[in-house]
1. Looking at Thr200, Thr212 in this structure, which one is modelled with pLDDT under 95, polar (S, T, N, Q) and touching a Gly at 6+ places or on another chain (Cβ under 7 Å)?
2. For the stretch 70-108, which residues satisfy the criterion of being basic (Lys, Arg) and touching a residue at least 60 places away in the same chain (Cβ under 8 Å)?
3. Within the stretch 16-44, work out how many residues are in contact with an Asp or Glu (Cβ under 8 Å, 6 or more places away or on another chain), within 13 Å of the ligand (Cβ to nearest atom) and within 24 Å of Gly227 (Cα to Cα).
4. Looking for whichever is within 16 Å of the ligand (Cβ to nearest atom) and not aromatic (Phe, Trp, Tyr) here; the options are Asp101, Asp70, Asp88. Which one fits?
5. Quick check on the stretch 69-84. Is at least one of its residues within 27 Å of Ile234 (Cβ to Cβ), out of contact with any Pro (no Cβ under 8 Å at 6 or more places or on another chain), surrounded by fewer than 20 Cβ atoms within 10 Å (Cβ to Cβ) and not basic (Lys, Arg)?
6. Answer yes if at least one residue in the stretch 37-51 is under 22 Å from Leu223 (Cα atoms) and either modelled with pLDDT under 95 or β-branched (Val, Ile, Thr) (or both), and no otherwise.
7. Restricting the search to the stretch 89-118, which residues are buried (at least 17 other Cβ atoms within 10 Å of the Cβ) and assigned to a helix (DSSP H, G or I)?
8. Could you pull out every one of the helices (runs of 4 or more DSSP H) wholly within the stretch 130-231 that has 2 or more residues that are within 16 Å of the ligand (Cβ to nearest atom)?
Amino acid sequence: MILSIAGSDNSGGAGIQADIKTAALMHQYCATVVTAVTAQNAHGLRMAQYVGDEMLFAQLETILEEMRPDAVKVGMLPCESAIRIVGDFIERNGLKNVVVDPVVKATAGGGLAEGYDIPLAYIRYLLPYTTLLTPNLDEATLLLGVAPCVMNDAKSLSSETEKFMARTGLKNILIKGGHSQGNQCVDNLYCGDGSRYAFTAERVDSRHLHGTGCVLSSAIASLLADGRDLLKAISDAKHLLTEAIKKGAEHPVKQDYGPLYLFAD
Ligand code: PLP
């Protein structure tokens, strides 16, 4: 089973809703801890509300009283105390296979994590206990503390990433290239032992991309829970994501910026 610690997306495409569907598709039971409730649609984020320290803590504790997740997916962490509580919980309980998607903005616009020093909080409270961090290019720029142009220069990106991993104790980072230009979408994996891997897929032209980061991270967590090694989990999850993007373009749920389509026809 996996545990998803993430925000609720009432439009159903991202956040905890995407995680439950993805895990079910991969035959994994998914317990949930809701960090925040959002009200949003294709026009943007209308409201986001943190559930509060006490509620977050109570959800985490009640899960662990009865179950032990084989993997954890962490998504939206709206404030510093949420990161602190989640990081402390993971460390205290020795949870393994922790996949962290450092969500900062709703893709339709609007901040999902605001009012605190995001890089500092991740570095201090969460990265030491993270198996895999899955930032997109903007999130990687923010967390690594580098100029945006570094993302376009493979050599500097590699050296900045190595320095970041050595400084923070992060084990593995998958920098997703979905928001870059070009016919191919390349995600680069940097591992703590110095090895590097690239995962490539053809770019699919679609406006229905809501939830891509959530689906990828919860699919990786589900596959790790199933005993897959990290490389196989990433490559199988990326394959699933590419298929869900293709099907999302063929079966649009709504006109504007819509969700992926996760199900077989
Ligand atoms: N988590 C929540 C609650 C969200 O609302 C969103 C986007 O709107 C995300 C995560 C990130 O979505 P995506 O997977 O499209 O990056």
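1. Thr212
2. Within the stretch 70-108, just Lys73 meets the criteria.
3. Going through the stretch 16-44 one residue at a time, the tally reaches 4.
4. Numbers: Asp70 fails: within 16 Å of the ligand (Cβ to nearest atom); Asp88 fails: within 16 Å of the ligand (Cβ to nearest atom).
The match here is Asp101.
5. yes
6. Residues of the stretch 37-51 that are under 22 Å from Leu223 (Cα atoms), as a first pass: none.
No, that holds for no residue.
7. Phe89, Ile90, Ile118
8. Passing ranges, in order: 137-144, 212-225.
The values are calculated or read from the model by the stated rules, or taken from the named source; none is laboratory data. Since the model is a prediction, treat every value here as computed from it, not as a measurement. Every residue, glycine as well, gets a Cβ built from its backbone with ideal geometry; the counts of neighbours run over all protein chains shown.
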